[in-house]
Amino acid sequence: MGYETILFEKEDGVLTITLNRPDKLNAANDTMLSELQDAFKQAGRDQEVRAVILTGAGRGFCAGQDLGNVKERLDTGGRMDYGAHLRHTYNPLILRIRQLPKPVIAAVNGVAAGAGMSLVMACDLRLAAESASFLQAFVRVGLVPDSGSTWMLPRLIGMARAAEMMLTGRRISAQEAYEWGLINKVVPDDALMEDARKLAGEFANAPTKVIGYIKRALDYAATSSLEEALEYEADMQELAGRTNDHLEGLRAFLEKRPPKYTGT
Ligand code: T3D
């Protein structure tokens, strides 16, 4: 695929995107941010892709914004326009991941800091290696949590713990993240990718279109009233009811055999 900062590998319906700047713990520079946008766009368009794994090369998952880049701007007398930068890079990327109508699994192989942690939270399911860790690094460099952190983190772990992580910048272990509900599972370091591939493989045989509707319904419900959520569920159910996979699921149940979903 010709990317400089990420690896893009497709196999058996699963696309694995690997952040690949290991010397910098996969800190995100502008090239990486635009390559990620492009990779997730491809994932959405490619009918063969039915699940995505996001992981990191080396000992880190992603250390957030590349602060070297920011320093270069300071050294040349300029200030970084963070608002504009966020609006053009991280914000559309987070939305693209959330709105991808396919499941995205984070396989967190090491530290996830700042916007790197936001990338983890934007995924649908999160597996982490025992040695992984998580921090809201923003405050440590005098910045406000961004890239959706203020929206996603309290929803995952509650306001008290989110405030603690954001205000102190404290680094938490994978085990603590699991106990707090930030991630779905902790696995031994050397089993992480195998576990992630197994899960993604199950998704590659799941009713993909319907999974897209479930993602939409969950995100919608996060900011709506019960009445609105009920109405939206009815809309999504109507769409699900028109899929081939719904019919196949019904037939398979009645014929007492495993379903063969095509994702359509
Ligand atoms: O508009 C906008 O862009 C605003 C967006 C902001 C979003 C953000 O993400 S702000 C937060 C940015 N990230 C951070 O503040 C985290 C900085 N990194 C760290 O605090 C630590 O590296 C970690 C706690 C993540 C890991 O610590 P440790 O001891 O395991 O590793 P290390 O030795 O600090 O890092 C290893 C190398 O990676 C090192 O390079 P070197 O010395 O071996 O050449 C280090 O400089 C580099 N590195 C780590 N994080 C970054 C980085 N280089 C550039 N940018 C980084 N964020």
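The values are calculated or read from the model by the stated rules, or taken from the named source; none is laboratory data. This is a predicted model, so every value here is computed, not measured. All Cβ positions, even for glycine, are placed from backbone atoms using ideal geometry, and neighbour counts span all protein chains on display. Note: accessible area is taken over every heavy atom of the protein model, side chains too, but ligands, DNA and RNA are not part of it. Shrake-Rupley method; radii C 1.70, N 1.55, O 1.52, S 1.80 Å.
Which shape class, rounded, prolate or oblate, goes with the range 6-204 when its Cα gyration tensor gives a ≥ b ≥ c as root eigenvalues, a/c under 1.5 marks rounded, and past that a/b bigger than b/c marks prolate? Oblate. Ranked from largest, the principal axis spans of the Cα set of the range 219-264 equal 39, 18, 16 Å.
Each of the peptides 234-246, 125-137 was scored by the mean count of other Cβ atoms within 10 Å over its residues; in descending order, highest first, they stand as 125-137, 234-246. What is the percent carbon and sulfur in the accessible area of the chain, measuring with a 1.4 Å probe over the protein chains and ignoring ligands? C and S atoms contribute 53 percent here. Between Arg257 and Arg242, the modelled labels are 2.8 nm apart [label points 7 Å from Cα along Cα→Cβ].
Close amide H pairs (under 5 Å, H built 1.01 Å from N) link Gly56 with Leu19, Asn109, residues at least 5 positions away or on another chain. Residues in the range 108-124 carry Karplus couplings, in order, of 8, 8, x, 5, 10, 10, x, 5, x, 6, 5, 4, 4, 5, 6, 6, 7 Hz; the curve used is 6.51 cos²θ - 1.76 cosθ + 1.60 with θ = phi - 60°, and Gly or Pro positions show x.
Under a 1.4 Å probe, what is the accessible area of the range 6-204 per residue, stated in Å²? It would help to have the intermediate numbers written out before the result.
Values: 9010 Å² over 199 residues.
Dividing the accessible area of the range 6-204 by its residue count gives 45 Å².
Summed over the residues of the range 208-254 and divided among them, the accessible surface reaches 67 Å² per residue at a probe radius of 1.4 Å.
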